[in-house]
Amino acid sequence: MYNEHQKPYHIGFINEAGARYAILPGDPGRVEKIAAHLANPRFVAQNREYTTWVGEIEGEPVYVMSTGMGGPSAAIGIEELHQIGVDTVIRIGTCGGMALPVKGGDLVVATGAIRMEGTSKEYVPVEFPAIAHLDVTNALVNSAKELGHTYHAGVVQCKDSFYGQHSPERMPAGYELMSKWDAWIKAGCLASEMESAAVFIVSQILGMRAGCVLNVLWNQERRKQGLSDSESQDMTAAIDVSVEAIRKLILADREK
Ligand SMILES: O=P(O)(O)O[C@H]1O[C@H](CO)[C@@H](O)[C@H]1O
Ligand SMILES: O=c1cc[nH]c(=O)[nH]1
């Protein structure tokens, strides 16, 4: 289906840089900003939701590629990066806080994801957990610690409907997403977003390493309880942590 001279159908580029590593924001508008944190950043390709730049960390090529919103386009992006030889990815995105200690402007390192979306179920039955790779998670947690950012590491909830979360009153009674919401919070789920389950499961199936760092936009659970909350769309901390984590992985991989 694919040979190394053919551009994969959706992402639209071949791996001329010879990169193993990629940073994956959801939003195409964040790609160039993230690439600016790498040495020698340059545009690679743009097709549909996949905007790609490449740069270097420790002299090693690293792609920055958007995956769009939701599991289907994230899964396609991961599959096609695998086709061209990328084996290590970090999703960097935004999320809404669920656990009360998680505040707007904090970071969440997702160690695993609740598979409340559809994409990952097309790969393996739902009993199989969506777990981040330990190497990548350790690199993210150590980077967040060293850089002095407030972070929380744990399970996130992954869904297909942003407005199922944000306008639950419109959903039919007993609607599955919100009927389980309180159980997830009681079990310690940190935050909600839309791609991590697909990123973790597809990477697992393909033998890739995946991790995830998220900027918390807000925490509506805190607001529901009358607690203070801040709102932050500033991705700088998440970008710094993802770049430093890739640097750590590159250095560790060179020792292997
Ligand atoms: O900021 P990104 O990476 O897009 O992530 C979050 O933001 C989008 C919803 O607003 C969803 O894609 C969700 O997962
Ligand atoms: O509340 C939020 C914020 C970002 N992304 C989500 O999916 N939910």
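What percent does the relative contact order of the chain come to when contacts are Cα pairs within less than 8 Å and at least six residues apart? Rounded, it is 25 percent for the chain. Rounded to the nearest whole Hz, the Karplus-based 3J(HN,Hα) values (6.51 cos²θ - 1.76 cosθ + 1.60, θ = phi - 60°) of the stretch 215-231 follow the sequence 8, 7, 6, 6, 9, 6, 5, 4, 5, 4, 8, x, 8, 5, 8, 10, 10, with x at glycine and proline. Here the extension length gained between MET178 and ARG48 equals 43.7 nm, from 0.36 nm per residue of separation less the Cα-Cα distance.
Could you provide, to the nearest whole Å², the per residue accessible area of the chain with probe 1.4 Å? Before the final figure, lay out the partial values.
Working: 11310 Å² over 256 residues.
The answer is 44 Å² per residue.
Short to long, the 10 Å bins of the Cα pair-distance histogram for the stretch 143-189 hold 22, 39, 22, 14, 3 percent of all pairs.
If R₀ is 51 angstrom, what is the calculated FRET efficiency for the pair VAL126 and LEU227, using the beta carbon separation as r and rounding to 0.05?
Working: r = 33 Å, r/R0 = 0.64.
For VAL126 and LEU227, the calculated efficiency is 0.95.
Solvent-accessible area assigned to carbon and sulfur over the chain amounts to 52 percent, based on a 1.4 Å probe. Couplings 3J(HN,Hα) for the stretch 244-252, derived from phi with the Karplus relation 6.51 cos²θ - 1.76 cosθ + 1.60 (θ = phi - 60°), are 5, 5, 5, 4, 4, 5, 4, 5, 5 Hz, where x marks Gly and Pro. Helix-only arithmetic for the chain: the sum of -39500 (n - 2.57) across DSSP H runs with n ≥ 4, divided by the residue total, places the mean residue ellipticity at 222 nm at -9000 deg cm²/dmol. With a Förster radius of 25 Å applied to the C-beta separation of ASP234 and ASN142, the computed FRET efficiency comes to 0.70.
Once each part is reduced to its C-alpha centroid, what is the distance from the stretch 206-236 to the stretch 62-119 in angstrom? One Cα centre to the other: 13 Å.
Rounded to the nearest whole Hz, the Karplus-based 3J(HN,Hα) values (6.51 cos²θ - 1.76 cosθ + 1.60, θ = phi - 60°) of the stretch 65-73 follow the sequence 9, 6, 10, x, 9, x, x, x, 6, with x at glycine and proline.
May I have the convex hull volume per residue, in Å³, for the Cα set of the stretch 21-255?
Working: hull volume 28.2 nm³, N = 235.
Cα convex hull per residue, to the nearest whole number: 120 Å³.
Of the DSSP beta bridges with both residues in the chain, give the percent that are antiparallel, rounding to the nearest 5.
Details: 19 of 48 bridges.
In the chain, approximately 40 percent of DSSP beta bridges are antiparallel ones.
The stretch 1-99 gives an Rg/Rh value of 0.96, both radii derived from C-alpha positions and Rh following Kirkwood. Once backbone amide H atoms are built at 1.01 Å from N, ARG91 has LEU24, GLY211, CYS212, VAL213 as its partners under 5 Å, excluding neighbours fewer than 5 places away on the same chain. Within the listed set GLU49, GLU193, GLU16, the residue fluctuating most in the Gaussian network model of the chain (springs between alpha-carbon atoms under 10 angstrom) is GLU16.
With a Förster radius of 35 Å applied to the beta-carbon distance between GLN6 and PHE162, the computed FRET efficiency rounds to 0.55.
What translational D, rounded to a whole number of µm²/s, comes out for the stretch 109-241 from Stokes-Einstein when the hydrodynamic radius is the Kirkwood one over Cα pairs, at 10 °C and 1.306 mPa s?
Details: Rh = 15.8 Å.
In µm²/s, the coefficient rounds to 100.
The local environment of VAL54, defined by Cβ-Cβ distances under 9 Å, has a net charge of -1 under the rule Lys, Arg +1 and Asp, Glu -1. Count charges around ALA132 for me, please; just the other residues with Cβ under 12 Å from its Cβ, Lys/Arg as +1, Asp/Glu as -1. Around ALA132, the surrounding residues sum to +1. Note on ALA39 and LEU206: the model spin-label points, each 7 Å out from Cα along the C-beta direction, lie 2.7 nm apart.
The values are calculated or read from the model by the stated rules, or taken from the named source; none is laboratory data. These numbers were taken from a predicted model, which means no experiment stands behind them. Backbone-built Cβ (ideal geometry, glycine too); neighbour counts: all protein chains shown. Each accessible area value is taken on the protein alone, full model and side chains, heavy atoms only, with ligands, DNA and RNA left out. Shrake-Rupley method; radii C 1.70, N 1.55, O 1.52, S 1.80 Å.
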